[in-house]
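Below is one structure, written out as structure tokens, with a few remarks after it.
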Amino acid sequence: MTVHVAAAAALGLLALLRLPTLVRRGDCVFFVAVFAAVASALDVAPIATAVDAAVGVRGMAALLGGLLMIAAFGAIRLSVLRAVVPETDVQDEVQRAILLACVAAAMYLGSFLCMWLVAPGNPGVGEALLTRVAKESDVGAFVCGTVLNGFLALASLSVLRACLRHVPDMASTAFRMGFACVGAGSVLRIGSQAVQETRGVLIMLGRPELGAVPLDSLSLVLGGTSMLVMALGLTLPALLRHLGPLGLRHRLQLLRLVRVWRRTTAAYPEVVVHRSLTPAHGVFSGEPRAYLHRAVVELIDCEVLSGGRLFTDRERGALWQAESMLYASPVRAAG
């Protein structure tokens, strides 16, 4: 339960951070945060029980949570596609993503309604609806769970592929870190849905004793952690922008340059004006931008003295990014 509470809190913070963007020009990430925060809250047992009692239909919290998760992951997929896919191709990708989300939501809702109609006893009580007990051996419950598991896994796989393809090419450290977290969350979500589907198969076959209970716990932990990690990834770029006055981006960039600065200035110590003013000191100083500027100038001097043979491709990329951060003209921020 704790991981779902933490995920809901993190997603609530993300929604607050995205409010200005929503007001200015609309924002998919805001809706991701709202849908996923409510869905994570509905996965907390006391809240789910209270919702079911208020509505009078057992399993209604699971239904709402599932629909909200479909909406949230559909919106995540849209956000990632719009951020990384070329404008010439993005429209077709967006239409396919919306269509898949709508079909999954319709199938999920349809299977739930079928269970509601055929439930034994009073349909208003809904004793056989999406509960975590043996009655999940009902075919309708299995279909309902399979639709949800399949869509969330496919959407997460699509997001993961986009992250793996485009993260290395991102110039912004904040966006690289954010999309890396989103990719990691996608892996956890795929694992969570695979575990949940395995559990459903065991129950459907009438063999829950083979591990249905521990699989359920594992699925809940993986699912909650995936939402927490994804929330972190989606929050990070906006959070770093809000922390801009603290120089956090410059401090992170200084950390990346500490090792290469030590190595190169050891070979060419004459380029260093003040040996005590190192990038490592700059990370904790009140003027990280000034330290970053000094480190970049000294590294460029070392590169010139070496005839252009001093840095690896990765080190040269870090230096280029630091130069861009210091000297490039401002560009429109994505998302």
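The values are calculated or read from the model by the stated rules, or taken from the named source; none is laboratory data. All figures in this text were calculated on a predicted structure; none of them were measured in a lab. We place every Cβ from the backbone using ideal geometry, glycine too, and count neighbours over all the protein chains shown.
Quickly run through region 98-138 and pick out the residues that are part of a helix (DSSP H, G or I) and at pLDDT below 70.
Hits for region 98-138 are Trp116, Leu117, Val118, Ala134, Lys135, Glu136, Ser137.
Going through Val103, Val57, Val80 one at a time, which residue ends up being β-branched (Val, Ile, Thr) and closer than 21 Å to Met170 by Cβ?
Val80
Which numbered condition trips up Leu292, out of (1) more than 37 Å from the chain's Cα centre (by Cα); (2) surrounded by 12 or more Cβ atoms within 10 Å (Cβ to Cβ); (3) among the hydrophobic types (A, V, I, L, M, F, W, C)?
That leaves (1) as the condition not met.
Take the residues in region 247-277 that are of a type in the set (S, T, N, Q) and touching a residue at least 12 places away in the same chain (Cβ under 8 Å); name whichever of them is surrounded by the fewest Cβ atoms within 10 Å (Cβ to Cβ).
Of the residues in region 247-277, the ones of a type in the set (S, T, N, Q) are 253, 264-265, 276.
Now restrict to residues that are touching a residue at least 12 places away in the same chain (Cβ under 8 Å): 253, 264-265.
Values: Gln253: 27, Thr264: 24, Thr265: 20.
That would be Thr265.
Of the residues Leu67, Leu63, Leu81, only one is in contact (Cβ under 8 Å) with a residue 24 or more places away in the chain and in contact with an Asp or Glu (Cβ under 7 Å, 6 or more places away or on another chain); which? Walk me through it before giving the result.
Numbers: Leu67 fails: in contact with an Asp or Glu (Cβ under 7 Å, 6 or more places away or on another chain); Leu63 fails: in contact with an Asp or Glu (Cβ under 7 Å, 6 or more places away or on another chain).
Result of the check over Leu67, Leu63, Leu81: Leu81.
Picking from Arg294, Arg309, which residue would you name as being among the charged types (D, E, K, R), at pLDDT below 80 and assigned by TED's automatic domain parsing to the domain that holds His250?
On the way: Arg294 fails: at pLDDT below 80.
Result of the check over Arg294, Arg309: Arg309.
Yes/no per residue for (1) within 18 Å of the chain's Cα centre (by Cα); (2) modelled with pLDDT of 85 or more; (3) closer than 18 Å to Asp43 by Cα:
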| residue | (1), (2), (3) |
| --- | --- |
| Gly145 | no, no, yes |
| Ala155 | yes, yes, no |
| Ser186 | yes, yes, no |
| Gln196 | no, yes, yes |
